1. Among the numbered criteria (1) farther than 18 Å from Ile228 by Cβ; (2) assigned to a loop (DSSP other than H, G, I, E, B); (3) of a type in the set (A, V, I, L, M, F, W, C), which single criterion is violated by Leu61?
2. Scan segment 270-307 for residues that are surrounded by 18 or more Cβ atoms within 10 Å (Cβ to Cβ) and hydroxyl-bearing (Ser, Thr, Tyr) and jot them down.
3. Residues that are over 23 Å from Ala120 (Cα atoms) and out of contact with any strand residue (DSSP E or B) (no Cβ under 7 Å at 6 or more places or on another chain): does segment 284-300 have at least one?
4. Let me spell it out: the conditions are (1) assigned to a helix (DSSP H, G or I); (2) at pLDDT 75 or above, and Arg146 meets all of them except one. Which number is the exception?
5. For segment 310-321, does any single residue satisfy the condition of being closer than 30 Å to Val128 by Cβ, modelled with pLDDT under 95, touching a Ser or Thr at 6+ places or on another chain (Cβ under 7 Å) and surrounded by fewer than 20 Cβ atoms within 10 Å (Cβ to Cβ)?
6. Say whether the condition of being in contact with a helix residue (DSSP H, G or I) (Cβ under 7 Å, 6 or more places away or on another chain), surrounded by fewer than 21 Cβ atoms within 10 Å (Cβ to Cβ) and part of a strand (DSSP E or B) is met by at least one residue in segment 41-56.
7. Within segment 221-264, how many residues are surrounded by 21 or more Cβ atoms within 10 Å (Cβ to Cβ) and either more than 28 Å from Val38 (Cβ to Cβ) or among the acidic types (Asp, Glu) (or both)?
8. Checking Ile133 against (1) buried (at least 16 other Cβ atoms within 10 Å of the Cβ); (2) of a type outside the set (D, E, K, R); (3) in contact (Cβ under 8 Å) with a residue 40 or more places away in the chain; (4) assigned to a helix (DSSP H, G or I), only one condition comes out false. Which one?
Amino acid sequence: MDKFEEISSKPHLNGPTQQHYVPSFYLKGFTSGDVLTVFDRINGEIRHRQKPQNVATVRHLYTFEDNQDRKRFDWEVLFGHVESAATPVLKSLANGEPLSQEAREAFAIFLGLAAVRTPAALAETSMVYTELIKARTRVAGSDEDRVFEFLRRMKGSDGNEAVLRGEARDVAALAREGAFDLKLNDDFVLHRSLNLWALVSEALVKRDWMLLHATGNDQSFLTSDSPIVLMSRSSELRDQPIGYGSPHAQILFPLTSKCALVASGSLGRTGRCDIAVDALHRFNRAIAQDCWRFVVGGDADLVQRVTSDLGLAGTEWQPKSRVEVMFDTGEDGALSESGVVRRMGF
């Protein structure tokens with residue numbers, strides 16, 4: 001029985017209420033004196049001497065209720081197994097030790113999870129599905145006659161035709177204008193985001209991994225509460241759609257305060273090099289700029305300097321994806337509308 005079958009074979013009814021979306025074992029790699037410095041972009045605060053177990057948590061982020069109204073912690077249990085398998089691999093990578101294919105695959109699963117489980121990833125997923133549903137609603141709801149027939153079936157013989165016509169006219173107008181808001185169910189959004197987990201992991205395991213080492217005593221990497229950064233290799237390609245398997249993509253992931261991973265290429269190779277000071281500065285800026293809310297590090301001066309240079313205080317995270325609405329005319333002359341998701345690099 002594999003781990004997934006073992007976990008899914010029974011309900012898990014006990015677990016933590018405060019749930020890490022960035023694992024505390026990972027955050028410990030960025031501590032100085034066992035504590036972290038945390039920058040909060042929403043209010044511009046710098047918080048000193050933060051314990052890793054208290055950073056990047058949300059109450060019941062992954063808890064769900066089953067059809068018996070029981071709180072279930074199955075996701076937390078599964079994530080714990082993934083983190084346990086990744087812990088020794090992260091240590092090996094940071095120490096410059098060789099990596100087996102099995103270890104590489106285990107760490108790619110961890111990286112894929114890191115890319116889809118954060119509040120930023122969930123917000124991106126929510127935005128995409130909201131816009132897609134709106135696009136479909138504009139098609140289905142803008143036809144006044146179709147809406148009228150739906151309302152008449154719903155109301156039955158009790159419906160007043162004149163009233164139903166008025167309601168259909170109002171609904172169609174709202175649909176055409178997109179003048180309505182949607183609030184998607186949190187469990188729906190989580191499941192849709194986690195559906196991408198395997199795809200992202202499969203893309204990452206095939207890429208070339210370059211391990212970057214900060215060698216100076218005064219040099220270190222920062223991380224954030226959205227530590228996987230997907231970006232274009234060149235500023236000239238920023239306007240091109242991008243994904244974890246795109247040829248022009250590079251994926252940044254700080255491993256510890258002294259080591260980071262950059263994934264690109266497509267040959268599954270692993271290499272190492274020392275990172276130059278200017279490249280380290282650019283890396284830290286990219287990590288900080290892509291944070292959901294928190295920038296994290298052991299060097300308080302570095303956290304202050306990078307976030308100040310970027311002007312992050314008082315700003316909010318913005319989605320990287322956009323939904324483009326496409327129109328098509330069928331053979332019968334009817335106009336149809338659909339949404340295409342494009343994620344852009346930066």
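The values are calculated or read from the model by the stated rules, or taken from the named source; none is laboratory data. No experiment lies behind these values; they were computed from the predicted model shown. Glycine also receives a Cβ, built like all others from the backbone with ideal geometry; neighbour counts cover every protein chain displayed.
1. (1)
2. Of everything in segment 270-307, just one residue is surrounded by 18 or more Cβ atoms within 10 Å (Cβ to Cβ) and hydroxyl-bearing (Ser, Thr, Tyr), namely Thr307.
3. No, segment 284-300 contains no residue that is over 23 Å from Ala120 (Cα atoms) and out of contact with any strand residue (DSSP E or B) (no Cβ under 7 Å at 6 or more places or on another chain).
4. Every condition holds for Arg146 apart from (2).
5. No: segment 310-321 contains no residue that is closer than 30 Å to Val128 by Cβ, modelled with pLDDT under 95, touching a Ser or Thr at 6+ places or on another chain (Cβ under 7 Å) and surrounded by fewer than 20 Cβ atoms within 10 Å (Cβ to Cβ).
6. There is at least one residue in segment 41-56 that is in contact with a helix residue (DSSP H, G or I) (Cβ under 7 Å, 6 or more places away or on another chain), surrounded by fewer than 21 Cβ atoms within 10 Å (Cβ to Cβ) and part of a strand (DSSP E or B).
7. Selection size over segment 221-264: 3.
8. Going through (1) buried (at least 16 other Cβ atoms within 10 Å of the Cβ); (2) of a type outside the set (D, E, K, R); (3) in contact (Cβ under 8 Å) with a residue 40 or more places away in the chain; (4) assigned to a helix (DSSP H, G or I) one by one, Ile133 breaks only (1).
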